[in-house]
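The values are calculated or read from the model by the stated rules, or taken from the named source; none is laboratory data. Since the model is a prediction, treat every value here as computed from it, not as a measurement. In this analysis, Cβ positions are derived from the backbone assuming ideal geometry, glycine residues included, and neighbour counts consider all displayed protein chains.
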Amino acid sequence: MRRKILVAMSGGVDSSVAALLLLEAGWDVVGVTLRLYDSCASSVRKSCCGLEDACDARAVAKTLGIEHRTLEHQEAFERLVVEPFVQEYARGRTPNPCIRCNERVKFGTLWEYARQSGFSALATGHHARIVPVEGRPRLFRGRDADKDQSYVLFPLTEAQRAGLALPVGELVKEEVRERARRAGLPTAEKAESQDICFVAEGNYAAFVESRLAAKDRRPGLIRHVDGRVLRSHDGIHRFTVGQRRGLGIPDAHPLYVVALDAGSGEVTVGPKAWAGARRFLAKDWTWHVPPEERPETARVQVRYHHEPLDARLLEGAEGVVVEFTDSTHPVTPGQAAVAYRGDAVVGGGWIAGRLP
């Protein structure tokens with residue numbers, strides 16, 4: 001009797017080929033698409049998890065001859081991802097909703113659905129790899145360095161990693177598309193979705209404003225690190241620590257957002273050197289290795305697709321203190337910090353703020 005596996009199909013080429021590869025490997029494959037928001041109402045283009053994407057996933061399932069299911073998860077997505085996204089911006093932080101969606105929806109509510117429905121495992125189209133190391137399932141970067149998504153999977157627990165298949169992690173993107181073409185999959189040439197699926201045209205500020213009451217927008221002053229008041233602004237949700245573009249402030253040297261004060265609404269700006277940090281605290285840290293293997297040094301990635309940096313790791317009562325070994329670097333509260341040794345993820349957490 002073949003083992004059953006549930007494949008999360010977003011309607012894109014990666015998850016389509018994930019289903020194809022598992023079918024070829026002898027699994028009893030069932031595809032599932034999560035309807036996470038009303039794509040018609042949101043006017044989002046190049047999205048994922050909307051009505052059009054569910055239709056694409058269903059067409060792929062028909063081509064492969066596998067069962068396809070659609071699950072309505074709008075309420076959970078709104079409560080677990082969208083509303084926290086809005087509130088984080090209102091607090092002067094810069095959230096990563098893709099990681100929260102993976103953590104709370106795809107590997108939260110969907111994982112529970114798979115377990116209760118009798119599936120042996122769950123699969124996705126992420127470009128990352130699960131590799132057994134001394135009997136433990138470890139998360140590694142995908143073979144395609146440009147498409148690697150291990151960063152957004154850092155919250156996975158060991159139990160989740162043990163029951164997860166990532167078939168396209170061993171392929172580069174062009175190989176994925178070529179497999180789709182050879183199989184005649186309708187998503188073979190489909191363009192990739194934008195990073196944040198529910199924000200139209202990437203306009204985060206407009207989306208947040210559409211969800212925030214006027215009293216919660218926290219207008220205030222933009223102040224230079226030397227104490228000068230440069231101008232006022234309409235709300236701190238329009239800014240992110242490390243931001244340079246869009247400030248609209250003429251100065252002899254480029255200015256960067258250095259700090260955001262959600263209480264007063266004040267935005268502090270200054271030269272690039274002021275925007276960096278040598279040390280920062282990462283909370284809600286998830287280790288991917290047992291205590292005896294936790295490293296004192298690692299390469300730490302502080303934004304999606306950014307180059308990881310050499311750092312020291314120090315566990316404390318509130319989380320993990322990350323200290324860059326060479327110089328200061330911009331860090332943004334609300335983003336993830338993920339530690340690597342080679343291509344292996346050793347742990348990750350959420351950036352809480354800079355430390356002196």
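Conditions tested, residue by residue: (1) basic (Lys, Arg); (2) at negative phi.
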site: Pro132; (1), (2): no, yes
site: Arg141; (1), (2): yes, yes
site: Asp148; (1), (2): no, yes
site: Pro155; (1), (2): no, yes
site: Ala159; (1), (2): no, yes
site: Gly184; (1), (2): no, no
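Looking at this structure, is Arg93 crowded, with 17+ Cβ neighbours inside 10 Å, part of a strand (DSSP E or B) and in contact with a strand residue (DSSP E or B) (Cβ under 9 Å, 6 or more places away or on another chain)?
Judged against the criteria, Arg93 is not a match.
Would it be correct to say that Leu139 is closer than 18 Å to Asn96 by Cβ, out of contact with any Asp or Glu (no Cβ under 8 Å at 6 or more places or on another chain), assigned to a strand (DSSP E or B) and outside the structural domain of Val338 (by TED's automatic domain parsing)?
Yes; evaluated as a whole, the condition is true for this residue.
Considering only segment 296-315, I want to know if a residue exists there that is crowded, with 16+ Cβ neighbours inside 10 Å and touching a Gly at 6+ places or on another chain (Cβ under 6 Å).
Scanning segment 296-315, I find no residue that is crowded, with 16+ Cβ neighbours inside 10 Å and touching a Gly at 6+ places or on another chain (Cβ under 6 Å), so the answer is no.
Could you count how many residues in segment 81-113 are in contact with an Asp or Glu (Cβ under 6 Å, 6 or more places away or on another chain) and either closer than 15 Å to Tyr151 by Cα or charged (D, E, K, R) (or both)?
1
Taking the condition in the same structural domain as Gln116 (by TED's automatic domain parsing), buried (at least 23 other Cβ atoms within 10 Å of the Cβ) and at pLDDT below 95, does Asp53 pass?
Yes, satisfied.
Can you give me the number of residues within segment 247-265 that are touching a helix residue (DSSP H, G or I) at 6+ places or on another chain (Cβ under 8 Å) and either free of Cβ contacts under 8 Å to residues at least 12 places away in the same chain or not β-branched (Val, Ile, Thr) (or both)?
Final tally of qualifying residues: 6.
The rows are residues; the columns are (1) within 17 Å of the chain's Cα centre (by Cα); (2) assigned by TED's automatic domain parsing to the domain that holds Gln301; (3) more than 24 Å from Gly347 (Cβ to Cβ); (4) not aliphatic (A, V, I, L, M).
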| site | (1), (2), (3), (4) |
| --- | --- |
| Trp111 | no, no, no, yes |
| Gly118 | no, no, yes, yes |
| Arg143 | no, no, no, yes |
| Glu158 | no, no, no, yes |
| Leu164 | no, no, no, no |
| Val172 | no, no, yes, no |
| Glu178 | no, no, yes, yes |
| Glu189 | no, no, yes, yes |
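Hey, does segment 325-343 have a residue that's acidic (Asp, Glu), buried (at least 16 other Cβ atoms within 10 Å of the Cβ) and under 23 Å from Glu158 (Cα atoms)?
yes
For the subset of segment 190-214 comprising residues that are assigned to a loop (DSSP other than H, G, I, E, B) and free of Cβ contacts under 8 Å to residues at least 24 places away in the same chain, which member is surrounded by the most Cβ atoms within 10 Å (Cβ to Cβ)?
My answer is Asn203.
Select the strands (runs of 3 or more DSSP E) contained entirely in segment 215-271, then report the ones holding at least 1 residues which are touching a strand residue (DSSP E or B) at 6+ places or on another chain (Cβ under 6 Å), β-branched (Val, Ile, Thr) and within 24 Å of Ala352 (Cβ to Cβ).
By residue number, 220-224, 256-260, 267-270.
Determine which single condition Ala145 fails, assuming it passes every other condition in (1) touching a Gly at 6+ places or on another chain (Cβ under 9 Å); (2) without any contact (Cβ under 8 Å) to a residue 40 or more places away in the chain; (3) assigned to a loop (DSSP other than H, G, I, E, B).
Among (1) touching a Gly at 6+ places or on another chain (Cβ under 9 Å); (2) without any contact (Cβ under 8 Å) to a residue 40 or more places away in the chain; (3) assigned to a loop (DSSP other than H, G, I, E, B), the lone unmet condition for Ala145 is (1).
For segment 77-90, which residues satisfy the criterion of being hydrophobic (A, V, I, L, M, F, W, C) and either surrounded by fewer than 17 Cβ atoms within 10 Å (Cβ to Cβ) or over 17 Å from the mean Cα position of the chain (by Cα) (or both)?
The one that is hydrophobic (A, V, I, L, M, F, W, C) and either surrounded by fewer than 17 Cβ atoms within 10 Å (Cβ to Cβ) or over 17 Å from the mean Cα position of the chain (by Cα) (or both): Ala90.
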